[in-house]
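S.K.: Take this structure first; my questions come after.
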Amino acid sequence: MPLFISFSTRCAELGSGALLSSDGSIVFLAPEEFLALTGTINIPGELAMSEAKYAAYEALGPFFEIIMKGLSGVVDGDHYFDTIAEDAKFEFLYEFPGWPRTIRGRAELMTAYSGYGNSIRLRSADKLVVYHADNGRVVIIEYEVHGKVLRTGVPYDNRFVSIITVADRKIVHWRDYMDSLAAWNALNPRSS
C-alpha cells in the first residue's frame with residue numbers, strides 16, 4: 001500500500017500517477033490503475049501547468065514540499081507561492097550577508113528566492129515536526145533541508161523553525177529561524 005501520492009510534471013504530462021510504496025520504490029501507474037487504487041485521478045496538464053509557472057524555483061523543491069506537507073489542511077494553494085497572501089510579511093530572524101531581515105509581499109519574496117538555485121540546490125527535506133497554536137491560526141514547523149553548494153560541491157544541511165500565521169487560508173506572516181552558521185560554513189568553506 002502506498003505511503004503517499006505524488007505527481008511530477010513528467011507524470012502529469014504522461015497522464016499517470018506516481019506512488020511511493022512502503023518499500024520506498026516509486027511506482028508509475030496508468031490513470032485507470034491509479035483511479036482503481038486511490039479513488040482519485042490526475043487531470044493531465046493541470047499540475048504540469050502549476051509546476052511550469054514556478055520552474056525557476058526548482059532548486060527549492062524539497063523546501064516547498066515539506067512546507068506544503070506541514071501546512072496541509074490549513075492553507076489553500078497547489079504550490080507554496082500560491083499559499084501566500086499578496087501582502088504577507090516575512091521576518092528572517094538571523095543575520096546572513098545579502099539576505100534581508102524583512103520581506104513584504106509575495107512578489108518580493110519570489111524575487112528574493114529567484115536566485116537561490118544559482119548557489120544551492122536542495123535534494124531533500126525531512127524531520128518535519130508540526131505544532132498548532134491560537135486555535136489553528138498559527139502553525140509552528142521544524143524541519144531540515146539538505147543539498148549542495150553548486151560552486152564548490154560542499155554539502156548544505158540546515159535546520160529551521162518557522163512560525164506561520166494564517167488568515168483566510170493564506171499565509172499572512174512568517175517568522176523564520178535557521179542555523180545561520182551552517183549556511184555560512186557551507187557557502188564559505190575553509191581550505192585545508
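S.K.: Please give me, ordered by residue number, the GluC sites (Glu not before Pro) of region 80-109 that lie in loop per DSSP and have at most 14 other Cβ atoms within 10 Å. All intermediate terms of the calculation are to be shown ahead of the outcome.
M.R.: Numbers: sites: Glu86, Glu91, Glu95, Glu108; in loops: Glu95.
Here the sparse-neighbourhood loop sites are Glu95.
S.K.: Quick one: net charge around Phe96, please, counting Lys, Arg +1 and Asp, Glu -1 for every other residue with C-beta under 12 Å from its C-beta. Please list the in-between numbers first.
M.R.: Details: positive: Arg101; negative: Glu95, Asp176, Asp179.
Spelling it out: positives minus negatives among the neighbours equals -2.
S.K.: How high is the relative contact order of region 57-187, in percent, counting Cα pairs under 8 Å that sit 6 or more residues apart? Display every interim value, and only then the final one.
M.R.: Details: 263 pairs, mean separation 35.2, N = 131.
Dividing the mean separation by the residue count of region 57-187 yields 27 percent.
S.K.: Between the DSSP loop rule and a limit of at most 16 other Cβ atoms within 10 Å, which trypsin sites (Lys or Arg not before Pro) in region 50-147 are left?
M.R.: On the way: sites: Lys53, Lys69, Lys89, Arg101, Arg104, Arg106, Arg121, Arg123, Lys127, Arg137; in loops: Arg101, Arg137.
Listed in order of number, the matching sites are Arg101, Arg137.
S.K.: Pop out the ³J(HN,Hα) list for region 126-132 in order, Karplus 6.51 cos²θ - 1.76 cosθ + 1.60 with θ = phi - 60°, rounded to Hz; leave Gly and Pro as x.
M.R.: With the stated coefficients, region 126-132 comes to 7, 6, 6, 10, 10, 10, 10 Hz.
S.K.: Dividing the convex hull volume of the Cα atoms of region 52-192 by its residue count, what figure in Å³ per residue is obtained? It would help to have the intermediate numbers written out before the result.
M.R.: Values: hull volume 14.7 nm³, N = 141.
Here the figure is 104 Å³ per residue.
S.K.: Report the label-to-label distance for Val154 and Asp82 in nanometres (one decimal), using points 7 Å from each Cα along the Cα→Cβ vector.
M.R.: Distance between label points: 3.7 nm.
S.K.: Less than 20 Å apart at the alpha-carbon level, and either on another chain or at least 8 residues along: which lysines does that give for Lys148?
M.R.: Lys127
Bear in mind that the values in this text are calculations on the coordinates, not laboratory data. Fair warning: this is a prediction, and the values are worked out from it, not measured in the lab. Note that we place each Cβ from the backbone using ideal geometry, even for glycine, and neighbour counts take in every protein chain shown.
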